[in-house]
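The values are calculated or read from the model by the stated rules, or taken from the named source; none is laboratory data. None of these values were measured; they are calculated from a predicted model. Neighbour counts are summed over all protein chains in view; Cβ atoms, including those assigned to glycine, are modelled from backbone coordinates with ideal geometry. Just so you know, the surface numbers come from the protein's heavy atoms only, side chains and all, with ligands and any DNA or RNA stripped out. Shrake-Rupley method; radii C 1.70, N 1.55, O 1.52, S 1.80 Å.
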Amino acid sequence: MNKIELLVAFAILAVALSNISSSQQKTLYNVQVDEVVDGDTIEVSGEIDATVRLLGVDTPEVSSTNNPEEYGMQDTVQRRNCLSRYGDRATEYVAERINNTEVNLKVDPSADRRGDYGRLLAYVQTENTSINKMLLEDGLARLYPSEFSKLEKYRTIQTQSKERQRGIWSCQ
């Protein structure tokens, strides 16, 4: 390989590496919601095919037992059952709003990109409305304690929902 061929090869490699780097840093994706798994997990396809965990929120479980202590409540059968009902409501709420529709996923540079189970962590947005935020406002989710840029804003929203005893906060 002569010097010119070597320079061309390096130039091609540099462009390829640049493209890889910029695609890894992408933070906004337009996707189709294929399935709502539960209130805080969806399956999407489009610019990215992924299982997505809604960043910063945690809805009650639908396929396992809820622990009221995670919500700052004393553990009783009534509270577990109440949270379970709100898990179903959260799933229905998300499905009614975004199942089989196009949404934007916004990845937060301040947060981990993937969660414990390899799911993409993102804000789910439709027409400038965040589903994550709406779940907190309507008391269908609690703040999921982690690092992300909207943590304090979400904490304030959760406090307001608790004070109004909206959704899950009525289980107290």
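Miscellaneous remarks
- Every listed requirement among (1) within 14 Å of Thr41 (Cα to Cα); (2) assigned to a strand (DSSP E or B) is met by Ala90 save one, (2).
- Boolean, Glu43 is within 24 Å of Ser146 (Cα to Cα) and in contact with a strand residue (DSSP E or B) (Cβ under 6 Å, 6 or more places away or on another chain): yes
- Residue in segment 104-112 that is surrounded by fewer than 17 Cβ atoms within 10 Å (Cβ to Cβ), touching a residue at least 60 places away in the same chain (Cβ under 8 Å) and of a type in the set (Ser, Thr, Tyr) present: no
- Some residue of segment 74-86 being crowded, with 19+ Cβ neighbours inside 10 Å, under 19 Å from Met134 (Cβ atoms) and touching a strand residue (DSSP E or B) at 6+ places or on another chain (Cβ under 8 Å): no
- Looking across Gln165, Gln158, one residue alone is farther than 25 Å from Glu47 by Cα, open to solvent by 80 Å² or more (accessible area, probe 1.4 Å) and of a type outside the set (Asp, Glu). It is Gln165.
- Residues in segment 120-133 that are closer than 17 Å to Tyr93 by Cα and out of contact with any helix residue (DSSP H, G or I) (no Cβ under 8 Å at 6 or more places or on another chain): Glu127, Thr129, Ser130.
- Among the residues of segment 145-162, at least one is modelled with pLDDT of 95 or more, of a type in the set (Phe, Trp, Tyr), assigned to a loop (DSSP other than H, G, I, E, B) and in contact with a helix residue (DSSP H, G or I) (Cβ under 9 Å, 6 or more places away or on another chain).
- Residues located in segment 113-144, provided they are part of a helix (DSSP H, G or I) and touching a residue at least 60 places away in the same chain (Cβ under 8 Å): Ile131, Asn132, Leu135, Leu136
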